[in-house]
Amino acid sequence: MLQALPINAPIIKSLKVVQEEQGIQGVTQNIVKAVVLNEPEGIEYSYRVVSGNASLKPLEKSAILNIKSGGPLEIQLVISNGKKIYDSKSIKYIDKALSADNLYKERASWQQATGRLSKHPSFAFQKNNDKLPNVLIIGDSISIGYTPYVQTSLADKFNVYRIPENGGDTGRGLQKLDYWLSSLNWEVIHFNFGLHDLKRLTNNTLDISGQIVNPPEIYAENLKEIVKKLRKKTAARLIWASITAVPAGAVGRMSGDEILYNKLASQVMKENKIVINDLYKLSTTYPEGQLQADVHFSEIGKKQQTNQVVEYILIKDNHSH
């Protein structure tokens, strides 16, 4: 028989999944959060996926929910002091965006997937012209910056789409790649990962003294798997964009890390005969196009990147550069 808890024992009042953005132009994440009443010192939060295809990364009092495929999930929270369980609560959750059909074909599906991002020009719905080949841009906020300019520049030659979110790190890329590819036939895929792999976090907040998201060896292995998947799932011409410069003073990132990560990415791409669009070299050649102590770029920098991205997309021969 369970021992009755005191009247003022901690109780889980609510448990829910919310979407939060990690920093400015950051990755939109599903966060499992709870409201706990009468919370004592030293309480432990233990989250787990009871059923469904997902994983959880624990934070201090919440957890990042990484959904691997659509379908219902059951998530449970247990609060304890390490020995005694105070309370537990479970919820059911369905990520409707991940279940969306015709992601790039139907406005309603696209808006459901992008949510509030759909108001941003980089996430505007692109009407498909079935007489034109399709281009997909996979990447983080750097690619978000140049996407609308690339779409305008290539409007009469390609349907240019981007994934419906910030691509984040390579781990996220592996989880989401099938979803991002959707059902369109791709002529060209221009892709990049890195700035979110080499960032450092403390309790999911950018912190230069925190833990790196994906160490170099994990980054390289993830890239190999992403390339393998792209080769298997599509016949697209692949273009890799190198990681742009990390300037001194950038929050949560160490200047110079991108050099090592670019070297590893370059090895993967050369082994797989994939063209490299060297945006790193561009960003260091024209540093005035980058914001001060920030990984992001001014309009001038975005347009410089656009010109180079467009140039590579228009190349017909995969080994021309």
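The values are calculated or read from the model by the stated rules, or taken from the named source; none is laboratory data. In this text the structure is predicted, and so the values were computed from the model without any measurement. Note that we place each Cβ from the backbone using ideal geometry, even for glycine, and neighbour counts take in every protein chain shown. The protein model used for the area step is the full one, side chains on, heavy atoms only, and it has no ligands, DNA or RNA in it. Shrake-Rupley method; radii C 1.70, N 1.55, O 1.52, S 1.80 Å.
So the values come out like this:
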| item | result |
| --- | --- |
| Filtered residues of segment 99-122 (kept if touching a Ser or Thr at 6+ places or on another chain (Cβ under 7 Å) and modelled with pLDDT under 90) | Ala100, Asp101, Asn102 |
| Residue count for segment 17-74, restricted to those that are assigned to a strand (DSSP E or B), within 16 Å of the chain's Cα centre (by Cα) and not small (Gly, Ala, Ser) | 13 |
| Segment 147-173 - residue that is over 10 Å from the mean Cα position of the chain (by Cα) and part of a helix (DSSP H, G or I) and, of those, surrounded by the fewest Cβ atoms within 10 Å (Cβ to Cβ) | Thr152 |
| Criterion violated by His190 - all others in (1) free of Cβ contacts under 8 Å to residues at least 24 places away in the same chain; (2) buried (at least 20 other Cβ atoms within 10 Å of the Cβ); (3) not basic (Lys, Arg) satisfied | (1) |
| Residue satisfying condition, being of a type in the set (S, T, N, Q), over 27 Å from Asn192 (Cα atoms) and surrounded by fewer than 19 Cβ atoms within 10 Å (Cβ to Cβ), within set Gln76, Gln126, Gln111 | Gln76 |
| Number of positions in segment 208-256 that are within 25 Å of Pro287 (Cβ to Cβ), open to solvent by less than 30 Å² (accessible area, probe 1.4 Å) and either of a type in the set (Val, Ile, Thr) or part of a helix (DSSP H, G or I) (or both) | 5 |
| Selection from segment 126-159 of residues that are of a type in the set (Ser, Thr, Tyr) and within 22 Å of Lys176 (Cβ to Cβ) | Ser141, Ser143, Tyr146, Thr147 |
| Residue in segment 75-97 that is of a type in the set (S, T, N, Q), in contact (Cβ under 8 Å) with a residue 40 or more places away in the chain and not in a strand (DSSP E or B) present | yes |
| Some residue of segment 36-46 being in contact (Cβ under 8 Å) with a residue 40 or more places away in the chain, farther than 24 Å from Val251 by Cβ, surrounded by fewer than 19 Cβ atoms within 10 Å (Cβ to Cβ) and of a type in the set (A, V, I, L, M) | yes |
| Condition met for Ile276 (touching a Phe, Trp or Tyr at 6+ places or on another chain (Cβ under 9 Å) and open to solvent by 60 Å² or more (accessible area, probe 1.4 Å)) | no |
